[in-house]
Amino acid sequence: MEFIENKRPERPQLITVLLILTFIGSGMSAFSFLFVSMSYDEVMKIVKDVYSDFPGVELILTADKSYFTIGFVLYTISFMGAILMWKMRKIGFHFYTASQIFLLILPVTTIPNYQFSILTLLVTVAFILAYSTNLRQMT
């Protein structure tokens with residue numbers, strides 16, 4: 001009697017590299033958004049006192065605590081999606097894509113006078129397209 005092995009498809013090297021970048025980006029972002037969310041008042045005071053001369057800091061100072069809390073949740077979902085894609089699970093792509101779309105929308109809807117970043121949009125679209133090219137290999 002022959003046993004059928006339940007093997008996962010092999011992960012392409014490009015996807016492996018992109019996933020490592022996603023682990024780093026989403027992981028560090030989730031951690032930093034959680035930290036700011038948990039100690040919002042203290043962090044905003046330090047940013048205002050120490051970094052007020054840096055360009056773009058005024059935008060961060062206008063973001064309220066909910067921005068960082070929602071961002072933490074979305075980056076965590078993105079990270080979980082990457083873990084699932086690492087295991088070649090198709091649902092991970094959907095988690096990742098949905099969280100990235102909401103992350104594009106989040107600052108526009110929560111930070112007054114936020115200027116939408118075309119570069120951020122292009123990078124996000126590039127990652128989603130690159131991941132989508134291997135959806136057929138995922139289970």
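Among the residues of region 39-52, those that are among the charged types (D, E, K, R) and either under 19 Å from I111 (Cβ atoms) or at pLDDT below 85 (or both) comprise D41, K45, K48.
Out of L104, L119, one residue alone is free of Cβ contacts under 8 Å to residues at least 24 places away in the same chain, aliphatic (A, V, I, L, M) and closer than 16 Å to Y75 by Cα. It is L104.
Residues of region 73-92 include none that is closer than 14 Å to S29 by Cα, out of contact with any Ser or Thr (no Cβ under 6 Å at 6 or more places or on another chain), of a type in the set (A, V, I, L, M) and in contact (Cβ under 8 Å) with a residue 24 or more places away in the chain. Looking at the structure I just gave you, is A126 assigned to a helix (DSSP H, G or I) and either among the basic types (K, R) or in contact (Cβ under 8 Å) with a residue 60 or more places away in the chain (or both)? When the stated conditions are applied, A126 does not pass them. Restricting M28, M80, M88 to those that are outside any helix (DSSP H, G or I), among the aliphatic types (A, V, I, L, M) and closer than 30 Å to M138 by Cβ reduces the list to M88.
Where residues in region 92-123 are assigned to a helix (DSSP H, G or I) and hydroxyl-bearing (S, T, Y), which of them is surrounded by the most Cβ atoms within 10 Å (Cβ to Cβ)? Once the filter is applied, the top-ranked residue is Y96.
Residues I105, I101, I111: which one is out of contact with any Pro (no Cβ under 8 Å at 6 or more places or on another chain) and farther than 13 Å from G71 by Cβ? Exactly one residue qualifies, and that residue is I101.
D53 - would you say it is outside any helix (DSSP H, G or I) and surrounded by fewer than 15 Cβ atoms within 10 Å (Cβ to Cβ)? When the stated conditions are applied, D53 passes them. Looking only at residues of region 68-113 that are among the hydroxyl-bearing types (S, T, Y) and at pLDDT 95 or above, we find that the one that is farthest from F23 (Cα to Cα) is T69.
The values are calculated or read from the model by the stated rules, or taken from the named source; none is laboratory data. Quick caveat: nothing in here was measured; it's all calculated off a predicted structure. Heads up, the Cβs are rebuilt from the backbone with ideal geometry, glycines too, and the neighbour counts pull from every protein chain shown.
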